[in-house]
Amino acid sequence: MLFSTEPKTSLDELFDREAEIERFRSGLNERLVLVLGIRRVGKSSLVLSVLNSLGIDYIFIDVRKLYDNVSRKVPAERIYNELRMSLGNLSFWEGVRRIIDEIDVSLGPIRFRLSASRIRDGIAKILEAINNAGKHVVLILDEAQYLRYSTIGLRPLLAYVYDHLRNITLVLTGSEVGLLHDFLGINDPSSELYGRYYHVVELRPFDRGRSIEFLRRGFRELGINVDDRVIERAADELGGIVGWLVYFGRLYPERGVDAINEVKEIGANLVRSELEELFSRSQYYRYIMEAVAVLGRAKWSDVMKYLMARVGERPTNATLSRDLNNLVKMGFLTKDGDWYGIPDPIVRYAVLRARYFTRS
Ligand SMILES: Nc1ncnc2c1ncn2[C@@H]1O[C@H](COP(=O)(O)OP(=O)(O)O)[C@@H](O)[C@H]1O
Ligand SMILES: [Mg+2]
């Protein structure tokens, strides 16, 4: 069903994305694939649907789920456990079971905190065992930008897989596009992954026509007749991020046209915690996002003017440039020529709404 809120897991359920499906498929012969795009645009759906259609063995690890809000870290033992738990789905699991059991035993009960290097060793041994089974396996690290909070350095491990475990293809998905590049350090000579080739699949929000078509088709599937004007308004206000369109499709049968506002409210609440987390990382992020949200789109100098009026102080030019750059890297802003914009209308709405509750 098009309006199901879980990630799609089969190609029949996937709307559009032909080019991206093809691009991802061809990437599976490479060592490293990055699937990039903002939250809720359909990355997990694309990866899962294509892999299921090909019947390739894969291991799917949602790194965001491993993030610990209290310590603000991704504990290494959680990575180990998650990897370990996912092995049961492999078609050749019985063939590697004994050797994996031995690795488990050699590490001892993982809950007794082990040193970082022993956990890293354990992960490496599991991956070696999988590689040595001789079948092609895809290892997906979903929302991989969270790996930068890992309590152990993972770059050497990924580089080891890249260079030596030729049966394993690495797939990293990320919303925070620029940060993922930084984490891998492909352009950084001191990184273990420096200069490695990677295959990129980029997912963009649907354009207006596709969004409208998506909604029409979803409602047709439900056997519900919806006025074109409502569909067009939903597409205009919610943008082409398929996750929001799905919510709208779910709510419409009960709420009618009010569903648009409801998606904005629910969506704003969902992104609020993401924004609060973001705003805690630099004192100016909140006001920079506000400036762009209020103006619709803004140049560097517009943002500076807004900050001076709103905060009553002037950050240095370098500080503002760095913060803007980081927001672009994290996907909260886009940059088109000199213009900054907010790619997700719900994020924009959430920022505007929060403005009324915060006075500096
Ligand atoms: N091509 C698509 N066709 C239909 N539904 C989709 C498509 N892509 C994503 N979705 C739906 O949109 C929502 C978000 O998708 P998801 O794959 O979780 O995004 P991401 O991993 O980028 O955050 C889910 O409800 C999913 O079912
Ligand atoms: Mg996802």
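The ellipsoid equivalent to the alpha-carbon distribution of the chain has semi-axes of 37, 28, 18 angstrom, derived from the gyration tensor eigenvalues as √(5λ) and listed largest first.
Quick check for me: using +1 on Lys/Arg Cβ and -1 on Asp/Glu Cβ, what's the dipole size of region 208-272 about its Cα centre, in debye to the nearest 20?
Details: 11 positive and 11 negative charges, 41 e Å.
The dipole magnitude comes to about 200 debye.
Taking the alpha carbon gyration tensor of region 164-269, multiplying each eigenvalue by 5 and rooting it gives semi-axes of 40, 15, 12 Å, largest first. When the Gaussian network model of the chain links Cα atoms closer than 10 Å, the mean-square fluctuations of Asp236, Asp101, Asp57 top out at Asp101. Comparing Glu313, Glu202, Glu128 in a Gaussian network model of the chain where C-alpha atoms under 10 Å apart are linked, the largest mean-square fluctuation is found at Glu313. Size check on region 202-360: the Cα extents along the three principal axes, sorted descending, read 57, 32, 23 Å. Between Leu83, Thr173, Tyr149, the Cα set farthest toward the positive side of the dipole of the chain (charges on each charged residue's Cβ, about the Cα centre) is that of Tyr149. Over region 281-355, Cα pairs under 8 Å with separation of 6+ residues give a relative contact order of 38 percent. Charge dipole (Cα centre; +1 on Lys/Arg Cβ, -1 on Asp/Glu Cβ; no other charges) of region 11-202 amounts to roughly 580 debye. Counting only Cα atoms, region 281-355 measures 29, 25, 22 Å along its principal axes, largest extent leading.
Per residue, what volume in Å³ does the Cα convex hull of region 1-85 take up?
Numbers: hull volume 11.2 nm³, N = 85.
Convex hull of Cα atoms, per residue: 132 Å³.
Cα-based values for region 208-272, radius of gyration first and Dmax second, are 10.7, 34 Å. Here the dipole of region 153-289 is about 220 debye; that uses its Cα centre as origin and unit charges on the Cβ of Lys and Arg (positive) and Asp and Glu (negative). Counting lysine pairs in the chain that sit 8 or more residues apart in sequence, or on different chains, and whose Cα atoms lie under 25 Å apart gives 22.
Please work out the average accessible area per residue across region 41-100, using the 1.4 Å probe convention, and give it in Å². Don't skip to the answer; put the middle values down first.
On the way: 2750 Å² over 60 residues.
That works out to 46 Å² per residue.
For the residues Glu276, Glu232, Glu176, a GNM of the chain with alpha-carbon springs under 10 Å puts the largest fluctuation on Glu276.
In units of the rule-of-thumb radius 2.2 N^0.38 Å, region 100-246 shows an alpha carbon radius of gyration of 1.48.
Can you give the percent of C-alpha pairs in region 11-202 whose distance is more than 20 Å? Value for region 11-202: 55 percent of Cα pairs lie more than 20 Å apart.
Only Cα pairs under 8 Å and 6+ residues apart enter the sum, and on that basis the relative contact order of region 208-272 stands at 31 percent. Per residue, region 166-299 exposes 46 Å² of accessible surface when a 1.4 Å probe is rolled over the protein heavy atoms with every protein chain present.
The values are calculated or read from the model by the stated rules, or taken from the named source; none is laboratory data. Note that this is a predicted model, so its numbers are computed, not measured. Cβ sites come from the backbone with ideal geometry, for glycine too, and all protein chains shown count toward neighbours. Just so you know, the surface numbers come from the protein's heavy atoms only, side chains and all, with ligands and any DNA or RNA stripped out. Shrake-Rupley method; radii C 1.70, N 1.55, O 1.52, S 1.80 Å.
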